[in-house]
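Q: Quick one: the structure is below, questions incoming.
The values are calculated or read from the model by the stated rules, or taken from the named source; none is laboratory data. This is a predicted model, so every value here is computed, not measured. In this analysis, Cβ positions are derived from the backbone assuming ideal geometry, glycine residues included, and neighbour counts consider all displayed protein chains. Side chains are part of the model used for accessible areas, which takes the heavy atoms of the whole protein and leaves out ligands, DNA and RNA. Shrake-Rupley method; radii C 1.70, N 1.55, O 1.52, S 1.80 Å.
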There are 2 protein chains.
Amino acid sequence: MADEPKALDRFETPQLVLDAVRLERNLARMKTRLARFGVPLRPHIKTAKSIEVYRPALEGAVGVAVSTLAEAEYAFEHGARNILYAVGMAPGKIGRALKLKDEGADIIVTVDSIDGAQALAARAGESGIGVVVEIDSDGVRAGVKPESEEALAIARRIDAAPGLVFRGLMTHAGGSYASRSVEDIRAMAERERRAVAGTATMLREAGLGCEIVSVGSTPTALFAERFDGVTEVRAGVYMFMDLVMAGLGVCAFEDIALSVLASVIGRQADRGRLIIDAGWMALSRDRGAAKQPVGQGYGVVCDAAGRPLDDLIVVSCSQEHGIVARRDGKPLDVQDYPVGTLLRILPNHACATAAQHGSYLVTGEDGRAFARWPRINGW
Amino acid sequence: MADEPKALDRFETPQLVLDAVRLERNLARMKTRLARFGVPLRPHIKTAKSIEVYRPALEGAVGVAVSTLAEAEYAFEHGARNILYAVGMAPGKIGRALKLKDEGADIIVTVDSIDGAQALAARAGESGIGVVVEIDSDGVRAGVKPESEEALAIARRIDAAPGLVFRGLMTHAGGSYASRSVEDIRAMAERERRAVAGTATMLREAGLGCEIVSVGSTPTALFAERFDGVTEVRAGVYMFMDLVMAGLGVCAFEDIALSVLASVIGRQADRGRLIIDAGWMALSRDRGAAKQPVGQGYGVVCDAAGRPLDDLIVVSCSQEHGIVARRDGKPLDVQDYPVGTLLRILPNHACATAAQHGSYLVTGEDGRAFARWPRINGW
């Protein structure tokens with residue numbers, strides 16, 4: 001990319017655009033919030049997958065969280081040492097985690113079953129790899145029940161294995177994404193906190209140290225009122241924000257740092273709709289906001305400067321086509337949008353939309369692109 | 001990849017697996033079907049995005065269809081000359097298409113509006129780039145109405161431009177994906193055929209040659225009963241097939257050549273469900289079968305050999321987690337699936353699932369992987 005910042009109309013569409021001013025503001029918001037409670041952040045890099053994006057979030061952080069070993073290796077190459085792989089360990093991946101440990105990473109892996117712990121124990125040799133037990137705080141995904149015999153049994157199994165070091169507990173209140181109000185989010189945050197803090201107390205009483213007591217999701221991280229008993233907070237989406245977060249009341253449209261630049265490639269005057277060159281390949285198939293009180297189709301349509309347009313959304317998608325129409329079903333006046341008009345689409349789910357792209361086109365205060373930041377994908 | 005074929009348990013998960021035997025059968029089926037009608041195929045490479053996958057489909061084909069200029073450039077590098085870019089042209093991409101034309105590709109671009117045609121005419125110089133007009137045969141996506149004044153006006157505008165060559169018409173009956181029966185698909189195929197054949201007749205009467213009269217979607221290509229007036233058929237999904245096609249009656253589960261290999265990473269005995277390491281990042285967020293009489297969640301679960309298991313589907317997904325449960329909601333017996341068990345997930349939509357991966361792990365008759373075929377992504 002040339003040194004001279006360039007206007008967005010100099011780029012082909014579709015393009016994933018990252019507003020560096022909003023990114024910086026989002027990073028600062030989380031930092032300020034957690035600093036108030038004196039609890040450190042562990043940025044989850046699964047959303048950004050780019051050191052250029054998450055580097056400023058590392059300042060004062062305890063380490064990083066990752067969702068794949070590819071992210072772990074990437075983070076390690078870029079200087080991270082304390083790396084929590086926050087997805088249950090598949091036995092087939094243990095060798096790759098041990099290699100990272102060998103190379104000097106303090107890689108901490110996750111299990112939520114006795115057989116998962118056994119598989120790790122059988123292959124860990126004398127590595128001393130760290131392990132956390134996942135606790136299920138919301139009934140949505142993985143983990144064992146808080147303060148359960150099962151949690152204790154798994155922790156004991158890990159602690160007894162010569163090659164494993166029991167490090168503590170983690171949970172993720174992904175259920176907070178389905179909240180209906182900020183009060184709901186606060187309640188979920190408290191449930192998330194209690195789930196691990198209570199279990200940690202139980203394990204400590206049983207003689208098992210819990211150095212790590214990790215919680216986190218963007219909504220709960222930003223709205224929790226207590227972090228007592230918690231040693232760190234994980235979050236990833238907060239860097240970019242998205243329509244799901246806006247629908248939850250976690251952010252405003254003006255905080256969403258990510259958008260997809262697209263061109264009008266057709267217009268249907270009779271039906272009052274436009275066709276753009278951003279389909280699900282560029283936007284993703286994520287309809288995260290569909291269950292919220294206000295659905296957003298495949299994204300909210302903005303002008304080229306990023307200002308939301310009068311109630312336009314992407315109502316449907318095929319691979320490389322998006323259909324733009326009014327949310328209220330009335331025909332839009334296509335005369336205002338000749339073929340070639342640039343639009344920007346705010347994403348439902350930042351993680352999913354970013355994953356469809358290999359890099360970010362980064363814009364500064366003047367709205368011009370000053371950099372291209374690569375991101376990784378794959379496993 | 002080593003020369004020696006390897007069992008699938010030698011690979012990390014998630015992995016996109018391509019069954020070369022099923023692929024070959026699917027390619028042969030389409031070839032045989034169209035040969036019966038004497039109509040040539042133009043394979044659409046948007047699904048496969050890999051020369052190794054689509055090379056056998058080129059035999060006897062008139063050229064390729066692409067959904068991005070990246071695919072066009074890739075196809076050209078791999079020997080294709082006749083390339084139909086079957087998505088409406090954004091003015092910002094004209095330069096890149098002209099470059100391909102300069103380099104020797106017979107690149108044919110698509111427009112469905114007067115302003116799209118003007119933008120092309122203004123920048124085409126003396127290139128002689130080919131242009132087709134898109135006709136809307138199903139009311140779902142792009143294109144102008146069949147036999148409309150608008151179609152005629154656009155064709156004339158193209159014909160009058162010194163740098164453009166009017167080549168004919170194309171349409172895509174994507175609406176066939178919403179068919180409820182094979183009879184519906186047949187009716188849609190006839191509607192697709194009439195839309196372009198009728199418009200071609202109208203244009204020819206007006207003195208405009210229509211060398212290309214292109215139709216196509218996998219369902220209509222396989223069930224059409226007439227191709228009179230059609231010069232070529234486009235299809236892409238047919239190479240892999242998927243659950244949407246199976247739900248339409250276009251193929252059987254046993255024809256689906258694509259699957260995602262995953263590992264059990266957790267199991268919840270109390271809830272009777274499993275957690276696997278294939279979430280939406282590996283499976284995509286596509287819920288294409290959700291509107292069909294039998295929904296398939298995020299995919300049908302098979303054993304490691306690819307045999308569908310007793311009514312198990314991926315009921316929900318997060319980024320790197322999939323939740324496997326019984327379709328009927330009864331608890332599944334998790335004892336049968338210890339952590340580390342390999343499973344394979346049949347995709348809702350082959351294009352979307354393949355797009356989440358950088359390569360195919362290719363298996364032969366013995367079920368062992370004998371090759372890794374790279375695929376392209378991006379624009």
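Q: Once you have the Cα-Cα distance between A:THR201 and A:ARG36, take 0.36 nm times their residue separation minus that, and quote the gain in nm to one decimal. Please report the intermediate quantities before stating the final value.
A: Working: separation 165, 0.36 × 165 = 59.40 nm, distance 2.41 nm.
Roughly 57.0 nm would be gained on extension.
Q: Work out the charge dipole of region A:63-230 with +1 on the Cβ of Lys and Arg and -1 on the Cβ of Asp and Glu about the Cα centre, then indicate which of A:ILE185, A:GLY229, A:ASN82 is farthest towards its positive end.
A: Of the listed residues, the answer is A:ASN82.
Q: State the volume of the convex hull built on the alpha-carbon positions of chain B, expressed per residue in Å³ and rounded to an integer.
A: 127 Å³
Q: Subtracting the Cα-Cα distance from 0.36 nm times the residue separation, let me have the gained length for B:ASP3 to B:GLU150 in nm, one decimal.
A: Taking B:ASP3 through B:GLU150 to full extension adds about 47.2 nm, to one decimal.
Q: Kindly provide the pair-distance distribution of the protein assembly as shown built from C-alpha pairs, with 10 Å bins from 0 and whole-percent values in order of increasing distance.
A: 3, 14, 24, 25, 19, 10, 4, 1, 0
Q: Could I ask something else about it? Checking the cross-link filter: which aspartates and glutamates have an alpha carbon closer than 17 Å to that of B:LYS99, excluding same-chain neighbours under 8 positions apart?
A: Leaving aside aspartates and glutamates fewer than 8 places away in the same chain, those within reach of B:LYS99 are A:GLU12, B:GLU71, B:GLU73, B:GLU77, B:GLU126.
Q: Got the B:GLY295 label distances to the other copies yet, label 7 Å along Cα→Cβ, in nm, shortest first?
A: 1.3
Q: Name the residue, out of A:ASP328, A:ASP242, A:ASP228, whose mean-square fluctuation peaks in a Gaussian network model built on chain A with Cα pairs under 10 Å.
A: So, out of A:ASP328, A:ASP242, A:ASP228, the one fluctuating most is A:ASP328.
Q: Please report the projected area of region A:253-374's Cα convex hull averaged over all directions, in nm².
A: Projected area, direction-averaged: 7.4 nm².
Q: Return the whole-Å distance between the Cα centroid of region B:1-21 and the Cα centroid of region A:69-95.
A: Going from one Cα centre to the other spans 23 Å.
Q: Could you give the length gained by full extension between B:GLU103 and B:ALA269, i.e. 0.36 nm per residue of separation minus their alpha carbon distance, to one decimal place? All intermediate terms of the calculation are to be shown ahead of the outcome.
A: Values: separation 166, 0.36 × 166 = 59.76 nm, distance 6.12 nm.
Using 0.36 nm per residue and subtracting the Cα-Cα distance, I get 53.6 nm.
Q: Provide the percentage of antiparallel DSSP beta bridges, counting only those with both residues in region B:187-332; round to the nearest 5.
A: Values: 14 of 16 bridges.
The answer is about 90 percent antiparallel.
Q: Between rounded, prolate and oblate, where does region B:1-101 land on the alpha carbon gyration tensor, with a ≥ b ≥ c its root eigenvalues, rounded for a/c under 1.5, else prolate if a/b exceeds b/c?
A: oblate
Q: Go ahead and set up a Gaussian network model of chain A, Cα springs under 10 Å, then flag whichever of A:ALA160, A:ALA173, A:ALA57 fluctuates most.
A: Sorting by GNM fluctuation, first place goes to A:ALA160.
Q: How large is the dipole of region B:1-108 about the Cα centre if only Lys and Arg carry +1 and Asp and Glu carry -1, each at its Cβ, rounded to the nearest 20 debye?
A: Details: 17 positive and 14 negative charges, 122 e Å.
Approximately 580 debye in magnitude.
Q: Filter chain A for me: DSSP H helices, axial length by Cα at least 27 angstrom, mean Kyte-Doolittle hydropathy not below 0.0. List them by residue number.
A: Correct list, ordered by number: empty.
Q: Okay, helix-only estimate at 222 nm for chain B: each DSSP H run of n ≥ 4 adds -39500 (n - 2.57), divide by all residues, round to 500 deg cm²/dmol; what do you get?
A: Rounded to the nearest 500, it is -8000 deg cm²/dmol.
Q: Continuing with this model, one more query. What number, in percent, do you get for the relative contact order of chain B if the mean sequence gap of Cα pairs under 8 Å and at least 6 apart is divided by its residue count?
A: Numbers: 897 pairs, mean separation 75.7, N = 379.
Over chain B, the number comes to 20 percent.
Q: Would you mind telling me which residue in A:ALA289, A:ALA153, A:ALA195 has the biggest mean-square fluctuation in a Gaussian network model of chain A, where springs connect alpha carbons within a distance under 10 angstrom?
A: Answer for the Gaussian network model of chain A: A:ALA153.
Q: For A:GLY364, place a label point 7 Å out from Cα along the Cα→Cβ vector, do the same in each other copy, and report the separations in nm, one decimal, smallest first.
A: Those separations, rounded to one decimal, come out as 5.7 nm.
Q: Over the Cα atoms of region B:131-224, compute the convex hull volume and normalise it per residue, giving Å³.
A: For region B:131-224, the hull spanned by Cα atoms encloses 79 Å³ per residue.
Q: Also, I was wondering about something else. Using only the Cα atoms of region A:61-169, build the gyration tensor, take square roots of its eigenvalues as a ≥ b ≥ c, and label the shape rounded, prolate or oblate: rounded if a/c is under 1.5, else prolate if a/b is larger than b/c, else oblate.
A: Taking the square roots of the gyration eigenvalues as a ≥ b ≥ c, region A:61-169 is oblate.
Q: In nm, what does the list of distances from B:PRO162 to its counterparts in the other copies look like, shortest first, when each label sits 7 Å along Cα to Cβ?
A: 8.5
Q: Taking a cut-off of 17 Å between Cα atoms, list the aspartates and glutamates near B:LYS330, but don't count ones fewer than 8 places away on the same chain.
A: Qualifying aspartates and glutamates at Cα under 17 Å: B:ASP270, B:ASP310, B:ASP311.
Q: While we're looking at this one, here's another question. Just the accessible area for B:TRP379, please: 1.4 Å probe, Å², rounded to the nearest 10?
A: Here the accessible area works out near 60 Å².
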